[in-house]
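In what follows, a structure is listed as structure tokens, so that the remarks can point back to it.
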Amino acid sequence: CDSFAWNGNSYTTSGTYFYSSGACVDTLNLVINNSSSSTLSLSACDSFNGNGLTYSTTGIYNFITTNSVGCDSTATIDLTINNSNSGTDIITACDSYTWIDGVTYSTNNNSATYAFTNVTGCDSVVTLDLTINSSSSGTDTQTACESFIWIDGVTYTSSNNTATHTLTNAVGCDSVVTLDLIINNSSSSL
């Protein structure tokens, strides 16, 4: 492979060579086989399995085997390891929430996950941390004489049980109040 030393000389090409020592002539019929090499650039996410080993860092790695003519074959891998990543999407919503996975959640959830591909082509896993707060509703029962100015700023001169007004409750969601108003009229007698 590659070279051969004979009678104090080094030969790197195939051929027939002669050596004389006194009355004797030695003949060498030489076949030189060559080693081979190759370089491959690879990228992998998190780790790479090669030659029975697992590599988790970027680097240049050499693997030596035997080629078809019985000489060394060196394979060089220029390896780039890109990393996957993960994160948490913290959400607080009222009543329900439709997340990036297309699912509408109506209860707290901290186990749903969704996988994207990050800029290096590896997984980017997002975990949902969802808190669902509830809207609330109630009725404001009022009795007044002649007229009544309610929280919506409207002056009512007749009974009403359909007017609504939306406030924000303690958890930041809608609190819908329905008016239940009875208007009594003053009376006079002689």
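Translational diffusion coefficient, Stokes-Einstein: compute it for the stretch 41-149 using the Kirkwood radius over C-alpha pairs as Rh, at 4 °C and 1.567 mPa s, and state it as an integer in µm² s⁻¹.
67 µm²/s
Which of the following values of Cα extents along the principal axes in Å was calculated from the structure shown: [x] 45, 36, 35; [y] 62, 39, 36; [z] 164, 23, 20?
[z]
Just going by the charge dipole of the chain, with Lys and Arg at +1 and Asp and Glu at -1 on Cβ, which of 3, 19, 87 is farthest out on the positive end?
It is 19, whose Cα lies furthest towards the positive end.
Would you mind calculating the relative contact order of the stretch 38-136 from Cα pairs under 8 angstrom and at least 6 residues apart, reporting the percent as a whole number?
So the answer I get is 26 percent.
For the chain, with every protein chain kept in place, what is the accessible area per residue (1.4 Å probe, Å²)?
Computed with neighbouring chains in place, this is 65 Å² per residue.
With an 8 Å Cα cut-off and a minimum separation of 6 or more residues, compute the relative contact order for the chain in percent.
The value is 14 percent.
With all protein chains present, how much of the accessible area of the stretch 7-148 (probe radius 1.4 Å) comes from carbon and sulfur, to the nearest whole percent?
47 percent
The values are calculated or read from the model by the stated rules, or taken from the named source; none is laboratory data. Because the structure is predicted, anything quoted here is derived from the model rather than measured. All Cβ positions, glycine included, derive from the backbone under ideal geometry; neighbour counts span all protein chains shown. All accessible areas refer to the heavy atoms of the entire protein, side chains included, with ligands and DNA or RNA removed. Shrake-Rupley method; radii C 1.70, N 1.55, O 1.52, S 1.80 Å.
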